[in-house]
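A.B. asks: Below is the structure I would like to discuss, written out as structure tokens.
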Amino acid sequence: MKSQIQVLILTTIVSLSSIVIAQPKLSVDFGMGVYQPTLSGFDDNTGVPFPTKSIFNRNLLMNWGIHKEIFSNFRMGYNSFTSFEIGELSLVNSEAVFYRSIRYRFFPIETYFRWRPRIELNFTLSPIWGRAKISVDTSPGDKSDDWNQLLNSFGDSDPMSGMGSTDAMRTDWIGFSGMIGGRYYLSSRLGFDFKMGFMNNSYSSSVDFIKNIGYSKDQWRLENSKVKGPDLKIDDLPIFSFKVIFGLR
Amino acid sequence: MKIIISIFISLSCLFPQDSIQVTLNPCDDPLLELAGSLGIKSIPIKDIPRFKKMMKACDDQGGDKIIEQIIFQDWQRDYKKAKVMQAWTSTFSICVAIIYVYFMAGLILSS
């Protein structure tokens, strides 16, 4: 009986060790995404002349990510899709440098299978933590006036009286995304990945659960105070992504 | 005593030990063996240039079959491991596909 227990323990250790030392797969990816939000807070703004919209600052998203294969046919990771805009703003007191970013942080849960030795089909569902940031570099003496002009153009009424040396207004929200895609492996480490799907970012509503976790133009933060931000339509968006994958291990 | 030591040093300088000329077969390189047994992805990133060099050297020395076998086994290993979905992953994939179709249908109908 004693020897049977020992055999059982040894067998268990050997069988578990094959799982523990199984080859881990860690990959990084770089690429871009395409989507079409409606940033009416910038495009239809009559108070401040924002930089002209183009495909680069509206539709293109820079993308990088890291994924870990947890077990067969399943990987998890982090993916960051970022839309940038940079330009000059002609404010009353100064010519300010304007910078805007909208970052969609995906936490993908991805399942996949290999249809052919080089071709993979994958299915991804991702919670999203979104963050938008606007910063304006103005002349130090006119900061409050310049920021107030910008915020008033979003519908606020002179909310700022004093500003710090580095100022940026931010807001966060959550959302989710679903994508279906394919991957073509050039070698066992290198591949191209194409995905298409949708991205649905939530909006604040009267429902308590999502009251403060969806996007709201009234929930922007600047210098620890709530200010009004631009109108953004970022729900129900089709999205396409193209990435180059490199397997590290 | 000094003379003996001087002679010994002089002789050791004049007739140094021959360096051992070992000609290793690149096809027997441990990196190629590792790639053959555990897969190409098991090779550390820092060793990739050396691995490529060894593959080329092995290929040049007539080991093209060995290289082909390593690459073929690597593809087959990944393919066999991932061609059938395991456990709940197939259910998850179907759920994603349903959500995707539901969203796209809604988008088309609403527009």
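A.B. asks: A:Arg221: net charge of surrounding residues, Cβ under 14 Å, Lys/Arg +1, Asp/Glu -1, itself excluded? Don't skip to the answer; put the middle values down first.
C.D. replies: On the way: positive: A:Arg131, A:Lys133, A:Arg170, A:Lys217, A:Lys226, A:Lys228; negative: A:Asp156, A:Asp167, A:Asp172, A:Asp218, A:Glu223.
Result for the local shell: +1.
A.B. asks: Another one. Going down the list A:Lys243/B:Lys80; A:Lys25/A:Lys133; A:Lys133/A:Lys243; B:Lys52/B:Lys81; A:Lys243/B:Lys65, which pairs span over 30 Å between their C-alpha atoms? Walk me through the intermediate numbers first.
C.D. replies: Details: A:Lys243/B:Lys80 24 Å; A:Lys25/A:Lys133 34 Å; A:Lys133/A:Lys243 25 Å; B:Lys52/B:Lys81 25 Å; A:Lys243/B:Lys65 33 Å.
Over 30 Å apart, Cα to Cα: A:Lys25/A:Lys133; A:Lys243/B:Lys65.
A.B. asks: Same structure, new question: Averaged over A:183-190, how many beta carbons belonging to a partner chain fall within 10 Å of each residue's beta carbon? Could the numbers behind the result be given before it?
C.D. replies: On the way: counts 0, 0, 3, 0, 5, 9, 6, 0.
Taking the mean over all residues of the peptide, I get 3.
A.B. asks: Let me ask you something else. Straight-line reach from A:Lys226: which aspartates and glutamates have Cα under 18 Å away, leaving out those fewer than 8 places along the same chain?
C.D. replies: Straight-line reach from A:Lys226, under 18 Å: A:Asp145, A:Asp146, A:Asp156, A:Asp158, A:Asp167, A:Asp172, A:Asp218.
A.B. asks: Once the dipole of segment A:2-247 is set up with Lys and Arg at +1 and Asp and Glu at -1 on Cβ about the Cα centre, which of A:Ser135, A:Phe98, A:Tyr112 lies farthest towards its positive end?
C.D. replies: Looking along the dipole axis, the top candidate is A:Tyr112.
A.B. asks: Taking only DSSP H segments of four or more residues, each worth -39500 (n - 2.57), what value at 222 nm results for the protein assembly as shown once the sum is divided by all its residues, to the nearest 500 deg cm²/dmol? Could the numbers behind the result be given before it?
C.D. replies: Details: 9 runs with 114 residues, N = 360.
Helices in the protein assembly as shown give a 222 nm mean residue ellipticity of -10000 deg cm²/dmol.
A.B. asks: Right, something else. Mind checking the angle between helix A:143-153 and chain A's longest principal axis? C-alpha axes, 0 to 90 degrees, to the nearest 10.
C.D. replies: The answer is roughly 80 degrees.
A.B. asks: What is the calculated FRET efficiency for A:Leu121 to A:Phe84, with r their C-beta to C-beta distance and R₀ = 45 Å, to the nearest 0.05?
C.D. replies: Values: r = 31 Å, r/R0 = 0.70.
Using R0 = 45 Å, I get an efficiency of 0.90.
A.B. asks: Given a cut-off of under 8 Å on Cα pairs at least six residues apart, what relative contact order in percent is computed for segment A:51-106? Show your work: numbers first, answer last.
C.D. replies: Working: 87 pairs, mean separation 17.5, N = 56.
Contact order relative to length: 31 percent.
A.B. asks: Okay, next question. Using Cα-Cα distances under 8 Å and only pairs 6 or more residues apart, what relative contact order does segment B:25-83 have, in percent? Spell out each step's value before the answer.
C.D. replies: Values: 40 pairs, mean separation 24.8, N = 59.
The normalised contact order for segment B:25-83 reaches 42 percent.
A.B. asks: A further question follows. Taking each residue in A:69-75, count the Cβ atoms of any other chain within 10 Å of its Cβ, then average. What number comes out?
C.D. replies: Working: counts 2, 0, 3, 7, 12, 6, 0.
Per-residue shielding by partner chains comes out at 4.
A.B. asks: Let me ask something else about it. Can you pull the Kirkwood radius for chain A, inverse mean 1/r over Cα pairs, to one decimal in Å?
C.D. replies: After inverting the mean inverse Cα-Cα distance, the result is 20.8 Å.
A.B. asks: Give me the percent of accessible area attributable to carbon and sulfur for the protein assembly as shown, probe 1.4 angstrom. Before the final figure, lay out each step's value.
C.D. replies: Numbers: 13210 of 20400 Å².
Here carbon and sulfur together make up 65 percent of the probe-accessible area.
A.B. asks: Measure nothing but the geometry: give the 0 to 90° angle between the long axis through the Cα atoms of A:2-20 and the longest principal axis through the Cα atoms of chain A, rounded to 10°.
C.D. replies: The angle comes out near 40 degrees.
The values are calculated or read from the model by the stated rules, or taken from the named source; none is laboratory data. Quick caveat, the model's predicted, so the values are computed rather than measured. Ideal geometry is used to build each Cβ from the backbone, glycine not excepted, and the neighbour counts take in all protein chains shown. Surface areas here come from the heavy atoms of the whole protein model, side chains and all, with no ligands, DNA or RNA. Shrake-Rupley method; radii C 1.70, N 1.55, O 1.52, S 1.80 Å.
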